[in-house]
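Undergrad: Before I ask anything, here is the structure I am working with.
The values are calculated or read from the model by the stated rules, or taken from the named source; none is laboratory data. Only a predicted model underlies this, so the values are computations on that prediction, with no experimental measurement involved. As a convention, Cβ positions derive from the backbone with ideal geometry for all residues, glycine included, and neighbour counts pool all protein chains shown. The protein model used for the area step is the full one, side chains on, heavy atoms only, and it has no ligands, DNA or RNA in it. Shrake-Rupley method; radii C 1.70, N 1.55, O 1.52, S 1.80 Å.
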Amino acid sequence: MPRKDTTKNGNGGDLGFEAELFKAADKLRGNMEPSDYKHVALGLIFLKYISDAFEAKHQSLLADDPRAAEDKDEYLADNVFWVPKEARWSYLQANARRPEIGALIDDAMRAIENDNESLKGVLPKDYARPALNKVMLGELIDLISGIALGESGHRSKDILGRVYEYFLGQFAGAEGKRGGEFYTPRSVVRVLVEMLEPYRGRVYDPCCGSGGMFVQSERFVQEHGGRLGDIAIYGQESNYTTWRLCKMNLAVRGIDADIRWNNDGSFHKDEFPQLKFDYILANPPFNVSDWGGDRLREDVRWKFGAPPVGNANYAWLQHIYHHLAPNGTAGVVLANGSMSSSQSGEGEIRKAMLEADVVDCMVALPGQLFYSTQIPACLWFLARNKNPGKGLRDRRGQVLFIDARNMGVMVDRTRRELTDEEIRKIADTYHAWRRAGGPSVAEGRTPGSDRGEKDAGEYADVPGFCKSATLDEIRKHDYVLTPGRYVGAAAQEDDGEPFTEKMARLASQWREQRAEAARLDAAIEANLRELGYGG
């Protein structure tokens, strides 16, 4: 759930009202499946956003030059979509109670697509279908009309963007396994973003889902005083419906990005075959067995060995590494099995990657973080150059292991989230390790060129949590990368009780428990005999 923000908004309450808004919208859903209702609700939120943005720009142009207010190019130049009169929210809101409201919404979506090339084929256009309750549609329009009421510009965009993102997460939870196909939990994305710190250059996600990695990357830049234009965003998605969600999600945020769709996916039809990226963030589907690997046995991307046809994990890792720029870094979410599997040559690929020194850091995550699976997950961090200068130390021949399995708090009956403090602890540990005590500091260069580095403190191994291991140590573990093997057990606090006294106390407790167990066994046996079941 998004962090509570006490900033007031146009709804007359605190910003953080997303949960109440979703509850109200969910009540209107009735018997409709969340997977269908998702497109109904998110499409309307998107329509409200682009209409609000258009109206704000329209009023501004009217005040300066009324003729310019009807010039479509004036809007496009400011990254604002052109919205025809019959597609504006005010028109739909005024007609929300009419029985043909579904057809009016569909017409509005078509009109917007016709006037905005980048939205062609993106917007949902099935609001007029007979099965969709038109009274519910009218009530949903009334509900959404209150979002960001009275706000304008960036303020309105931020509120609507947060609502859209919150709704995405809630729908992902409601859809369970299917929800995980389009949404990565926010706390997991934040770990990736806070560790990699995408500040300047190209950012890429080869399986981008609904675009959460990009939203958090842009948010990171904004929150740390950077300029949004300093990063260029690229993504690919094979699911057409999910690609549409991503395009709308980024548009609601005002994020300009090159997001491409094809049905073949990144392995078989790489949309950016020649591009290299400074930051890659990805949450590929876990352990995919039908990725078509039998048709890709010889491929330039398989630098460390051909991935097994029955599991795509090492195909994703190598595809991502292939696309890294000379000083690029990547963060990848994978199933825990990727750290230790030796089946079908995976162990040999992992060995080759380690001997080539491309693995920078491994993070073991707690369970129950994901909507789609209970499979435990981990984070792989890859680096093209572990001795890049720029204030970062020479990390060649070393890998940082972080065991975060005991972190997180339960946010509902089935799902866990990492807290802000825990995310900061993981990221700071990585940043401190990257700059700690290396030649770049000794030579007088400014440590912490990646912003967060200089504030991370000094690195030290912490038993049970983190360990900087050498390649020789990893070889002794047969190239297995499970952090628990390296970080050891957490140090136990001294409770002040002398060892001999503690052992005597524990031995006494053990004898008392054995005696109580024997008494209970005898009582149960006697009861069974009385009931005629005794031996």
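Undergrad: Which count do you get for residues in segment 357-374 that are over 18 Å from ALA172 (Cβ atoms), in contact with a Phe, Trp or Tyr (Cβ under 7 Å, 6 or more places away or on another chain) and part of a loop (DSSP other than H, G, I, E, B)?
TA: Within segment 357-374, residues that are over 18 Å from ALA172 (Cβ atoms), in contact with a Phe, Trp or Tyr (Cβ under 7 Å, 6 or more places away or on another chain) and part of a loop (DSSP other than H, G, I, E, B) number 1.
Undergrad: Let me ask you something else. Please verify whether ARG350 is modelled with pLDDT under 95 and buried (at least 21 other Cβ atoms within 10 Å of the Cβ), treating the condition exactly as stated.
TA: Details: modelled with pLDDT under 95: no; buried (at least 21 other Cβ atoms within 10 Å of the Cβ): yes.
Against the criterion (modelled with pLDDT under 95 and buried (at least 21 other Cβ atoms within 10 Å of the Cβ)), ARG350 does not qualify.
Undergrad: Residues that are buried (at least 19 other Cβ atoms within 10 Å of the Cβ): find the helices (runs of 4 or more DSSP H) completely inside segment 32-119 holding 3 or more of those.
TA: Once the helices (runs of 4 or more DSSP H) in segment 32-119 are filtered for at least 3 residues that are buried (at least 19 other Cβ atoms within 10 Å of the Cβ), what remains is 34-64, 101-115.
Undergrad: Only one of (1) surrounded by fewer than 24 Cβ atoms within 10 Å (Cβ to Cβ); (2) assigned to a helix (DSSP H, G or I) fails for GLY225. Which number is that?
TA: Result: GLY225 fails condition (2) only.
Undergrad: Look through ASN263, ASN287 and report the one residue that is over 22 Å from the mean Cα position of the chain (by Cα) and either in a loop (DSSP other than H, G, I, E, B) or within 30 Å of LEU76 (Cα to Cα) (or both).
TA: ASN263
Undergrad: Considering each residue of segment 479-511, count those that are modelled with pLDDT of 85 or more and either closer than 30 Å to ASP357 by Cβ or among the small types (Gly, Ala, Ser) (or both), and give that number.
TA: Final tally of qualifying residues: 11.
Undergrad: Tell me yes or no: at least one residue of segment 319-328 is under 19 Å from PHE272 (Cα atoms), among the aromatic types (Phe, Trp, Tyr) and in a helix (DSSP H, G or I).
TA: The answer is yes, given that some residue of segment 319-328 is under 19 Å from PHE272 (Cα atoms), among the aromatic types (Phe, Trp, Tyr) and in a helix (DSSP H, G or I).
Undergrad: Residues that are closer than 28 Å to GLY229 by Cα and in the same structural domain as ARG162 (by the TED database): does segment 21-43 have at least one?
TA: yes
Undergrad: Taking interchain pairs and intrachain pairs at least six residues apart, which have beta carbon atoms under 7 angstrom, with the first residue in segment 307-324 and in contact (Cβ under 8 Å) with a residue 60 or more places away in the chain and not assigned by the TED database to the domain that holds GLY265 and the second part of a helix (DSSP H, G or I) and open to solvent by 10 Å² or more (accessible area, probe 1.4 Å)?
TA: Qualifying pairs under 7 Å: none.
Undergrad: Can you confirm whether GLU443 is modelled with pLDDT under 95, over 26 Å from the mean Cα position of the chain (by Cα) and assigned by the TED database to the domain that holds PRO326? I'd like the intermediate steps shown before the answer.
TA: Working: modelled with pLDDT under 95: yes; over 26 Å from the mean Cα position of the chain (by Cα): yes; assigned by the TED database to the domain that holds PRO326: no.
In short, no.
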